[in-house]
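Colleague: Attaching a single structure in structure tokens format; questions to follow.
Where a number appears in this text, it was derived from the coordinates with a stated rule and is not lab data. Bear in mind that the values here come from a model prediction, so they are computed numbers and not experimental data. Cβ sites come from the backbone with ideal geometry, for glycine too, and all protein chains shown count toward neighbours.
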Protein chains: 2
Amino acid sequence: MATFAQDEPDTSIFNKIRKAELNSSQIPQIAHYLTDVSGARLAGSKGYKHAANWAVSKLKSWGLANARLEEWGDFGKQWDIEDFSITMRAPYVTPLRAYPTPWSAGTKGIQQGVVYLLSPQQYQDSSYLTQHAADLKGKWVLLTGNANKGDAKFKPAAERLADTTLANLKDQYMASRADIEREIKGVALYKKLDGLIEKASALGLIIASRTNADGAVFVQAYTGFRVSDPEGIPQLSMAIEDGQRIKRMISSGQQVEIAVNIKTQTSTADTKGYNVVAEIPGADPKLKAEVVMLGGHLDSWSAATGATDNAAGCVVTMEAVRLLDSLGLKPKRTIRIALWDGEEEGLFGSYGYVKKHFMDSKTFKTTKEQSKLSAYFNLDNGTGKIRGIFTQNNAALQSIFTKWLKPFADLGATTVTNSNTGSTDHISFDWAGIPAFQFIQDPLDYETRTHHSNLDDYDHLQMDDLKQAAIIVASFVYQTSVRSQLLPRKPLKKEVFVFEGL
Amino acid sequence: MATFAQDEPDTSIFNKIRKAELNSSQIPQIAHYLTDVSGARLAGSKGYKHAANWAVSKLKSWGLANARLEEWGDFGKQWDIEDFSITMRAPYVTPLRAYPTPWSAGTKGIQQGVVYLLSPQQYQDSSYLTQHAADLKGKWVLLTGNANKGDAKFKPAAERLADTTLANLKDQYMASRADIEREIKGVALYKKLDGLIEKASALGLIIASRTNADGAVFVQAYTGFRVSDPEGIPQLSMAIEDGQRIKRMISSGQQVEIAVNIKTQTSTADTKGYNVVAEIPGADPKLKAEVVMLGGHLDSWSAATGATDNAAGCVVTMEAVRLLDSLGLKPKRTIRIALWDGEEEGLFGSYGYVKKHFMDSKTFKTTKEQSKLSAYFNLDNGTGKIRGIFTQNNAALQSIFTKWLKPFADLGATTVTNSNTGSTDHISFDWAGIPAFQFIQDPLDYETRTHHSNLDDYDHLQMDDLKQAAIIVASFVYQTSVRSQLLPRKPLKKEVFVFEGL
């Protein structure tokens, strides 16, 4: 079979890539600029724009072509924190571990008030909120359930995938359209409930994290960024330990007062969203019109610098194109990197890009560009090294990727699974009938600690893992670029995009 | 041998204690009041006084006799945080994870300034500080070394002692007089260095934690509490991740500005220190003049509520006397609980108590009281359950404690070691020739996370472990109270107290 011969990878090129990365990696520097220097990269924020502009200029400085910001559609508000503090003031003074929730309203100065405790059951009961409106007035409303302490601390926070796990990977993170419909309904309900709390003239809403993670605070939001969203009330996310402390204090009869200052800067001067795009033009005149894409999302949540979610993926893919370009490997097809905006809110940046370039979301009519894109490779499962790849249920790729992966067995990457993985940007491409892949990565402490938390900072990056990932991503992208044919495709399903309507 | 017969414990009593604790423990409530409701319990602070007064009234309410605060000597300043915030202001705005160092000066409002980076080598070089005085002026000085990332996250944060570890326990935490002399010299040097930073008109000194612990901030101090100590400069302790972030930013050419507000309340109206003491009078007229003591230190550091260090020990020993009293077990000797002040600064409360009651620190003359105190049992190694006891190199106790421990084999407590353990209050009693013991406890996440950190809160307590400890402590104290003789003693060494001069 022809594919057998053609898909033997050029291991001399792979070795060149590997050697260059291990000898002169720029991963720590790229990571530093995307995280430390840019700050949090919430979609629409100054930090996002700083990082996106820096990436464009860095890609240009390496000699990539067409490096630019590319608009993908309407995002919404620019929101930045200008000042923040939170302190318990009574019965004693102590700092608390909390962060403004993205797109929170400001407090208009320091607002001190008594804390009113709300259980999840009470919060979701609009009649309770209406009946207790007078109690909520002028208070900080604390929403906290029961602590889930468990025995997590007796397990390592970080883990690598065991061989048996790799051999038995099932579909993961796959949201269904029904899940999303539920989510949309949930957001509408939360908006209504928050509206009742606002109507009661509460000072604001504090939501305690749900799982114990040694003081980590998980900070995210599902609404508030659209131009049509009301300003709403001040909202904060609090460490579960502080939430539970206040809950116990109130339950035993203490009156707890806290003082909060949230100053934000919100702007609707530019409500568009922007991806970062750049290219290494193909060296083969016949194939250069065809494209291989790679990327990860550049946006993050707001409580840390989004190092593992997902500076990691941006760092690895930037490093991969730097290697491919600087080594003069002459990839035949054009290689295009894209760093996506608005992934956290629902794959907005990649979906906007795919709609614009590859397929109409209503007619499902595909473009000529779609027919020329061989594949999209994504990295967005934290800082763990690559252990393999999901074919995303495209069995024709099993033998091809198995061959490409073979030279990396000594780096721990051996698994090609036909299972699916979801919840990140390759899903947008997959929707449009383009072969699109997320690599299998060691989870490390992504789910337990850093994912959407205030701990997601540079020091949680594992540099050796990222170097390994850059070697494999660069090699896969190179091999796709020189393959005699485009990668085989699955039939196009012509379904409404799973995250449509978010 | 007589001891063989007499030291068979009364297991029916032990079973009564065990049953009562497992059926109607008050440990969660005691812990709640000592931590959540009192707040941090820095020696001399309002939080310490709140907890001490609460403990006295609780012990009284249980029916204990002579429950009171007892002065142990001069401590120093009362210091409380009235307000605190810290924010990075440039190149972007973000909250930072830091806490005022105990006895820090206030900032007199929000002080914003550029961060000046100081390595440990530069800090310890007074000529460097003098030469760079002009550079430090008006700046926040950040002292941070290299991150020690290691692979700690691949190990569980919490561990229980393995049988082989228990079988091979060596001396631990034993500071020598030479260690303390070095410490005293070190403190004098730091005072001098901090004085140079103050003289340079820096805004203050920020010290980043030294080990990575997922955002945990370790907050303690060795000086500043004495009435004779100068007010000094504002000082903060910062999470290593934020310290390293700022270090990397400055190293790559960013100008970092931070704004800090520390408002403190300091008072020298009452510079004395106070222990909590209460008694269950002995039921045997002939033996009631003899005493068995138990306790742990009540004071903590300032960044959390000192749950594992050492509300845990206070909770367990309070619960133990509550059990002994409420069960009407009629212990023959008097049982006295003491909750110590100023342990963190150098075993001040217990040493003061021992000097006052048992032995002169210069003449080494012991008192009649000393001859009537059978033993002191201490608990201060975190929230882990009891796995055994250190005889503190008193081999005569090996067979006695082995018998007493036997009924608790099913609870995991089996080890009697002749090794020594140090760094906590039994050392004061041991110095005065009194049999004094710290139990062997499972370390859990004490060394890795909670010890002196901002994570040392109620949710890090393991209630089942504390219940087990209360059962064993109550049983050992009971058994000591009914033993026909006082526990055998080691010869008195008549040495200067190891921590003398701190």
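Colleague: Looking at the range A:374-485 only, what percent of DSSP beta bridges run antiparallel? Nearest 5 please.
Modeller: Values: 3 of 9 bridges.
Around 35 percent of the beta bridges assigned by DSSP in the range A:374-485 are antiparallel ones.
Colleague: Turning to a different aspect of this structure: In terms of modelled amide H atoms, which long-range or inter-chain residues lie less than 5 Å from the amide H of A:A67?
Modeller: A:E279
Colleague: Also: How large is the dipole of the range B:248-393 about the Cα centre if only Lys and Arg carry +1 and Asp and Glu carry -1, each at its Cβ, rounded to the nearest 20 debye? Numbers along the way, then the final one.
Modeller: Numbers: 18 positive and 16 negative charges, 137 e Å.
With Lys and Arg at +1 and Asp and Glu at -1, about 660 debye.
Colleague: May I pose another question? Let me have the relative contact order for chain A, percent, based on Cα pairs under 8 Å that are six or more residues apart.
Modeller: Working: 1135 pairs, mean separation 117.4, N = 502.
Computed over chain A, the figure is 23 percent.
Colleague: List the residues whose amide H sits under 5 Å from the amide H of B:I335, counting only those 5 or more places along or on another chain, with H placed 1.01 Å from N in the peptide plane.
Modeller: B:I280, B:G282, B:V292
Colleague: Compare the Cα positions of B:N310, B:L324, B:G384 along the charge dipole of chain B (+1 at Cβ of Lys, Arg; -1 at Cβ of Asp, Glu; about the Cα centre) and return the one farthest towards the positive end.
Modeller: B:L324
Colleague: Roughly how crowded by other chains is peptide A:152-160, in terms of the mean Cβ count from those chains within 10 Å of each of its Cβ atoms?
Modeller: Working: counts 3, 10, 7, 4, 7, 7, 5, 2, 1.
Counting Cβ atoms of other protein chains within 10 Å of each residue's Cβ and averaging gives 5.
Colleague: Order of A:I233, A:I184 from fewest to most other C-beta atoms within 10 Å?
Modeller: Numbers: A:I233 20, A:I184 16.
Going from sparsest to densest Cβ surroundings: A:I184, A:I233.
Colleague: Restricting things to Cα coordinates, could you compute the convex hull volume per residue of the protein assembly as shown in Å³?
Modeller: Working: hull volume 177.5 nm³, N = 1004.
Measuring per residue, one finds 177 Å³ for the Cα hull of the protein assembly as shown.
Colleague: Fewest Cβ neighbours within 10 Å first, please rank A:R387, A:R336 accordingly. Numbers along the way, then the final one.
Modeller: Working: A:R387 25, A:R336 22.
Ascending Cβ contact count within 10 Å gives the list A:R336, A:R387.
Colleague: Provide the percentage of antiparallel DSSP beta bridges, counting only those with both residues in the protein assembly as shown; round to the nearest 5.
Modeller: Details: 77 of 139 bridges.
Counting only bridges with both partners in the protein assembly as shown, antiparallel ones make up about 55 percent.
Colleague: To the nearest 10 degrees, how steep is helix A:11-24 against the longest Cα principal axis of chain A, on a 0 to 90 scale?
Modeller: Helix A:11-24 sits roughly 40 degrees off the main axis of chain A.
Colleague: Let me ask something additional. Distances over 14 Å make up what percent of all Cα-Cα pairs in the range B:409-465?
Modeller: Working: 1075 of 1596 pairs.
For the range B:409-465, the fraction of Cα-Cα distances above 14 Å is 67 percent.
Colleague: Sort the range A:135-270 into rounded, prolate or oblate with this rule: let a ≥ b ≥ c be the square roots of the eigenvalues of the Cα gyration tensor; rounded if a/c is under 1.5, and if a/c is not under 1.5, prolate when a/b is larger than b/c, oblate otherwise. Please list the in-between numbers first.
Modeller: Details: a/c = 2.22, a/b = 1.30, b/c = 1.71.
Oblate is the answer for the range A:135-270, as a/c is 1.5 or above yet b/c matches or exceeds a/b.
Colleague: At what distance in nm do the modelled label points of A:A178 and A:E8 sit from each other, each positioned 7 Å from its Cα along Cα→Cβ?
Modeller: A separation of 4.9 nm, rounded to one decimal place.
Colleague: Explain nothing, just the number: relative contact order of the range A:123-263, from Cα pairs under 8 Å at least 6 residues apart, as a whole percent. Don't jump to the answer; show the numbers that get you there.
Modeller: Numbers: 140 pairs, mean separation 46.8, N = 141.
Worked out over the range A:123-263, it gives 33 percent.
Colleague: Which of the lysines could a cross-linker bridge to B:K355, judged by Cα under 25 Å and excluding same-chain residues fewer than eight apart?
Modeller: B:K49, B:K77, B:K185, B:K272, B:K288, B:K365, B:K368, B:K372, B:K490, B:K493, B:K494
Colleague: Right, here's the next one. For the range A:4-146, build the convex hull from the C-alpha positions and give me its volume per residue in Å³.
Modeller: On the way: hull volume 40.9 nm³, N = 143.
Normalising the Cα hull of the range A:4-146 by residue number yields 286 Å³.
Colleague: For the range B:486-502, just list the computed ³J(HN,Hα) in residue order, Karplus coefficients 6.51, -1.76 and 1.60, θ = phi - 60°, integers in Hz, with x standing in for Gly and Pro.
Modeller: The phi angles translate into 5, 5, x, 10, 7, x, 6, 8, 6, 10, 4, 4, 3, 9, 4, x, 5 Hz.
Colleague: Also, I was wondering about something else. What percent antiparallel are the DSSP beta bridges of chain A, to the nearest 5?
Modeller: Working: 38 of 69 bridges.
Counting only bridges with both partners in chain A, antiparallel ones make up about 55 percent.
Colleague: Between B:V114 and B:N53, with labels modelled 7 Å along Cα→Cβ, what's the label distance in nm to one decimal, could you check?
Modeller: The answer from the label model is 4.8 nm.
Colleague: Next up: Which shape class, rounded, prolate or oblate, goes with the range B:198-350 when its Cα gyration tensor gives a ≥ b ≥ c as root eigenvalues, a/c under 1.5 marks rounded, and past that a/b bigger than b/c marks prolate?
Modeller: Here the range B:198-350 falls in the prolate category.
Colleague: Where the centroid of each part is defined by its Cα atoms, how far is the range B:242-319 from the range B:178-204 in Å?
Modeller: 23 Å
Colleague: Follow-up question, since we're still on this one. Taking the Cα atoms only, what angle lies between the long axis of helix B:177-199 and the longest principal axis of chain B, rounded to 10 degrees?
Modeller: It is inclined by approximately 30 degrees.
Colleague: Same structure, new question: Mind checking B:212-220 for the average number of partner chain beta-carbons within 10 Å of each residue's beta-carbon? Please list the in-between numbers first.
Modeller: Numbers: counts 2, 2, 13, 15, 2, 1, 0, 0, 0.
Across the residues of B:212-220, the mean count of other-chain Cβ atoms within 10 Å is 4.
Colleague: Separation between the A:A188 and B:E231 pseudo-spin-labels, each 7 Å from Cα along Cα→Cβ, expressed in nm?
Modeller: Rounded to a tenth, the inter-label distance reads 6.0 nm.
Colleague: Can you work out the Karplus-derived ³J(HN,Hα) for every residue in the range A:41-48? Use 6.51 cos²θ - 1.76 cosθ + 1.60 with θ = phi - 60°, whole Hz, and x for glycine or proline.
Modeller: Working through the residues one at a time gives 10, 4, 3, x, 8, 4, x, 4 Hz.
Colleague: Further question: Please list, ordered by chain and number, the residues whose modelled amide H lies under 5 Å from the amide H of B:L461; skip anything fewer than 5 residues away on the same chain.
Modeller: none
Colleague: Angle check, please: helix A:348-357 long axis (alpha carbons) against the longest principal axis of chain A (alpha carbons), in degrees 0 to 90, nearest 10.
Modeller: 40 degrees
Colleague: Kindly identify chain A as rounded, prolate or oblate by the Cα gyration tensor criterion: order the square roots of the eigenvalues as a ≥ b ≥ c, call it rounded if a/c is under 1.5, otherwise compare a/b with b/c, prolate if a/b is larger, else oblate.
Modeller: Values: a/c = 2.05, a/b = 1.88, b/c = 1.09.
It is prolate, given that a/c is not under 1.5 and a/b is the larger ratio.
Colleague: Starting at 0 and stepping by 5 Å, how many percent of the alpha carbon pairs of the range B:1-85 end up in each bin?
Modeller: In order of increasing distance, the bins hold 3, 11, 13, 15, 15, 12, 10, 9, 7, 4, 1, 1, 0, 0 percent.
Colleague: Each residue of the range B:385-397 in order: what ³J(HN,Hα) in whole Hz does its phi give by Karplus 6.51 cos²θ - 1.76 cosθ + 1.60, θ = phi - 60°, with x for Gly and Pro?
Modeller: 5, 7, 10, x, 8, 8, 6, 6, 6, 10, 4, 4, 8
Colleague: Also, quick follow-up: How would you rank B:36-45, A:256-265, A:167-176, highest first, on the average number of other Cβ atoms within 10 Å across their residues? Can you show the working numbers first?
Modeller: Details: B:36-45: 26.9, A:256-265: 20.4, A:167-176: 12.7.
Sorting B:36-45, A:256-265, A:167-176 by mean packing, highest first, produces B:36-45, A:256-265, A:167-176.
Colleague: For B:454-460, what's the mean count of beta carbons from other chains sitting within 10 Å of each residue's beta carbon? Working shown, then result.
Modeller: Working: counts 5, 5, 0, 7, 5, 13, 6.
Mean shielding by partner chains, rounded to a whole number: 6.
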